[in-house]
Amino acid sequence: MKKSLITVVLLASLILVVFANGVLAQDGPIKIGAVNPLGDVTGAQSTNAMELAVEEINAEGGLLGREVELIVIDSELRPEKGASAIERLATSDEVDFFVGGMASGVHMAQVPVLKRYEKITIWAGAASHQVENAVGADADWYFHLHPWDYQQGASYGYGWKDIAEQNPDIEIDKFFLAYEEGAFGTDSYQSYVEYFEDAQAGEGPYAGLMEGLEGVSFKSAATGGGDYRAMLRQAIDYDPDIFVWAGYDADAIPMLAQARELGFQPPLYVGAPPGWPANFGDSPLAENVVLYGMWAPSLNEVSPIAKHFWDGYIEMHGHEPATYFAPLGYTNIHFLAEGIKHAGTIEKEALIEALREIEYDTALGTTLSISPSRVISNQGFSEQKILQWQDGTQHVIWPFDVSTSEIVYPYDF
Amino acid sequence: MTNNQKWIRILLFFLTVFVIIIGLWEPHALIFGLQRGSLYALIALPLALLLGIMDILNLAHGEFLTVGLYISYLLFVNLGVDPLVSAIPVFFLLVIIGAIIYQLAIKRVLGAGHLNQLLLTFGISMVLIEIVKIIWTTRPRNVYVPYASSAVTFGDFRIGSYEFLYVILAVAVFLLLRLFLKKTRLGQSIYAVGQNPKGAEIVGINVKFVYFFVFCLSIGLLGIFAAVMLPRISIFPLTGNPFSLKSFALVAMAGLGNIGGIMIAGVTLGIGEAVIQAIPGYAGWSDLIFFGVLIIVIMAKNLQGAK
């Protein structure tokens, strides 16, 4: 009798412990694991923006009555660090979701680890189509926000067509692409060559727009170069309607200075680096330079959510966001939160369905909704914006529904 | 005429022919190469001094240049000091930084073998890079002064004028250094220490002071060159790194202690680089010039040693 009583008490205790753990797990925070390169301005500001989003969500009572916890690990822009960060977040921190990050090279190393755990992942950056191929068509748990490289190139074609249609003075036939000789630049050039071939066949986003293309490589200052004069002289000889350079932030001002020195003044001078140098807008050389990007501070004039993000970021961190990865990081967290609210659960299948259904107005001035891209089924944004530096401010030129200024044409120094 | 002199004459003859052909084919490439080559020679000079006199291979060479660039940038942004004017204070500030690092670290590995010196200077390089990253992050910074984009025009021929400053500075620095080494008592001491440190010590030359002076002077010179090149480049924590590599190539080509050879090597490689860059579609091959030369020189020296 005594023995069976003890057994009953032990069993009851065990059940209580299991039950209590279950309740505690339910009441514990929803954990979001982020991997960003904290030493780089893109990763640092994206993380700052994620923290802001989490603070806002928690201030409104969290999600499903639970607090949201953000756990951030630095990828140091190194593939092996990025991959081990995912491993640690999954095993040691036991996060519910993965968010991040940037740099395709780092993300390529993370994809196999993400596939091992198959947790819902919403990735902000890493735009190479090679990442998309690595993720594959079956990963229904994987959501990608940044437009893929081929989507970006296509959107510029549509953008320039719209701009040329609206402004009859603008003639865009001859393209000159200056590209850095690494993977980023040569991939860009390859895309342009494909667009040109399609355009010649009367197809694709550049059909009726791109009648000539010349591409010349240069060695980026970021990799030990910085003398662009030989390339610029070839551009002068070609006399393009639009000059586009695909390099890094370190190339921006020296290339402009050398263009001025050689008297090279194309009607449209376009920069397409992943980031811009500090205080680029303050340089007199920046005036009327066109750039491609996802966001500009001037969006505050036309988008209340962009303004809300801007004010909140400055209040929390004491400085202005300088890269579009800041509003993208903010969007990353809020989009997940909207999905959870819509699903009413963090259960995987229901949440995937919810994330596919919602439409979320973002701080990037664009509404985010999920649709399939070439390979994956959950792609977020599909187009970039065409911006222009005017009086030290980045203005949105296209899409017209969020434009903050008309294009200044031709480029003139 | 010795065998060496004969070779030098043959080399100079081919160099002259090469320059004339390039000048006729692509005069811009010739001028770009002359300008950039002079800069490469200037930056390689302190490395050659340290190697030739102190027998130290300074892997932190490029990072001292980077520090000089950031100091000059700070002076421009915060105090409005023109980069060319800032060359003077940056020189003295880098001399002080050089003196501190020499006293704390470098003097302890003099004569301790090349491996220890390499490890130490590599460590210094890492520390400097990380300090720069912490203070200024990895975002590139630039200084714009209108005169750095000025040009001279002769009919249809237009060329930037600022980088001629590199050529003038290179000629001036090399001449002054030559005069200093040949004509002053300290210069002759430095020369003697570079030739035979033990012999120099025996005849009463303060070898330790000479080493200290040469190290500080080398780092200080990098400060001057950093300030002069600031308006033409982007600065970020790894800016100096490629200049280190090119400097090693130049020193290898010119030969240890051959200060004059550095100038010839710099201009030759600069023109070679500019020529490759001027060929459409082949710009990416320009690094081949520097590192191809480095490989050939090392192989030739090994073959010579084997004989």
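Here, each number is a calculation from the coordinates, and none is a lab measurement. None of the values given here were measured: they were computed from a predicted structure. When we count neighbours, we look across all protein chains shown, and the Cβ atoms used for this are built from the backbone with ideal geometry, even at glycine.
Could you give the DSSP H helices of chain A that reach 15 angstrom or more along their long axis (alpha carbon positions) and whose average Kyte-Doolittle hydropathy is no lower than 1.0?
Working: long enough: A:2-27 (37 Å, 1.54); A:41-59 (27 Å, 0.12); A:79-91 (18 Å, -0.40); A:104-117 (20 Å, 0.06); A:149-166 (26 Å, -1.31); A:183-200 (25 Å, -0.79); A:252-262 (16 Å, 0.57); A:304-317 (19 Å, -0.43); A:325-343 (27 Å, 0.31).
The qualifying helices are A:2-27.
Between B:VAL77 and B:ILE168, the distance separating the two model label sites (each 7 Å from Cα on the Cα→Cβ line) works out to 2.9 nm. Given R0 = 30 Å, the distance between the Cβ atoms of B:PHE92 and A:PHE413 translates into a calculated FRET efficiency of 0.25. Prolate is the label for the stretch A:321-407, because a/c, from the alpha-carbon gyration tensor with a ≥ b ≥ c as root eigenvalues, is 1.5 or above and a/b exceeds b/c. Taking θ as phi - 60° and the Karplus parameters 6.51, -1.76 and 1.60, the scalar couplings of the stretch B:242-247 work out to x, 5, 4, 4, 5, 5 Hz in sequence order, x denoting glycine and proline. Around the amide H of A:GLN390, modelled in the peptide plane, lie the amide H atoms of A:ASN288, A:HIS395, all under 5 Å away and 5 or more residues distant in sequence or on another chain.
Taking every DSSP beta bridge that has both ends in the protein assembly as shown, the antiparallel portion is near 35%. Taking Cα centroids, how far is the stretch A:318-333 from the stretch B:51-90 in Å? First find each Cα centre; the distance between them is then 34 Å.
Largest GNM mean-square fluctuation across B:LYS107, B:LYS183, B:LYS208, computed for chain B with C-alpha springs under 10 Å, falls on B:LYS183. Springs between Cα atoms under 10 Å define the GNM used for chain A, and in it the highest mean-square fluctuation of A:GLU76, A:GLU287, A:GLU165 occurs at A:GLU165.
3J(HN,Hα) couplings calculated from phi for the stretch B:85-97 with the Karplus curve 6.51 cos²θ - 1.76 cosθ + 1.60 (θ = phi - 60°) are, in sequence order, 6, 5, 3, 5, x, 5, 4, 5, 5, 6, 4, 5, 4 Hz; Gly and Pro show x.
With both labels modelled 7 Å from their Cα along Cα-to-Cβ, the B:ILE279 to A:GLU203 distance reads 3.6 nm.
Its alpha carbons give chain A an Rg and a Dmax of 24.1, 102 Å. Against the compact-protein benchmark of 2.2 N^0.38 Å, the Cα-based radius of gyration of the stretch A:100-141 scales to 1.02.
Find the Cα radius of gyration of the protein assembly as shown, compare it with 2.2 N^0.38 Å by division, and give the number to two decimals. Don't skip to the answer; put the middle values down first.
Details: Rg = 29.8 Å, N = 720, 2.2 N^0.38 = 26.8 Å.
Working it through for the protein assembly as shown, the quotient is 1.11.
Calculate for the protein assembly as shown the 222 nm mean residue ellipticity that helices alone would give, adding -39,500 (n - 2.57) per DSSP H run of length 4 or more and normalising by residue count, nearest 500 deg cm²/dmol. Each step should come with its number before you reach the end.
Working: 24 runs with 404 residues, N = 720.
Computed mean residue ellipticity for the protein assembly as shown: -19000 deg cm²/dmol.
Computing FRET efficiency as 1/(1 + (r/R0)^6) for A:ILE358 and B:GLU130, where r is the C-beta to C-beta distance and R0 is 51 Å, gives about 0.75.
Backbone amide hydrogens, once placed in the peptide plane, bring B:TYR162 within less than 5 Å of B:SER150, excluding anything fewer than 5 places away on its chain.
With N the number of residues in the stretch B:65-202, Rg(Cα) / (2.2 N^0.38 Å) evaluates to 1.39. The calculated pair-distance distribution of the stretch A:29-98 uses every alpha carbon pair, bins of 5 angstrom beginning at 0, and gives 4, 18, 24, 23, 18, 9, 4, 0 percent. GNM remark for chain A: springs join alpha carbons under 10 Å apart, and the peak mean-square fluctuation among A:PHE98, A:PHE280, A:PHE335 falls on A:PHE280. Amide H contacts of A:THR362: A:THR367, A:LEU368, each under 5 Å away and 5 or more positions distant or on a separate chain (H built 1.01 Å from N in the peptide plane; Pro and chain starts excluded). Site pair B:VAL152 and B:HIS114 shows an inter-label distance of 4.2 nm when each label is modelled 7 Å from Cα along Cα→Cβ. In percent, what relative contact order does chain A have, based on Cα pairs under 8 Å that are 6 or more apart in sequence? RCO, chain A: 17 percent.
Can you pull the semi-axes for the stretch B:199-280, root of five times each eigenvalue of the Cα gyration tensor, sorted largest first, whole Å?
With the √(5λ) rule applied to the stretch B:199-280, the semi-axes are 31, 19, 10 Å.
Subtracting the Cα-Cα distance of A:HIS317 and A:LYS348 from their residue separation scaled by 0.36 nm leaves 7.8 nm. For the stretch B:33-306, the direction-averaged projected area of the alpha-carbon convex hull comes to 16.5 nm².
Give me the Kirkwood hydrodynamic radius of the stretch A:34-151 in Å, from all C-alpha pairs, to one decimal place? Numbers along the way, then the final one.
Details: mean 1/r = 0.0689 Å⁻¹.
About 14.5 Å for the stretch A:34-151.
Applying 1/(1 + (r/R0)^6) with R0 = 41 Å to the Cβ-Cβ distance of B:VAL145 and B:LEU245 gives a FRET efficiency near 0.90.
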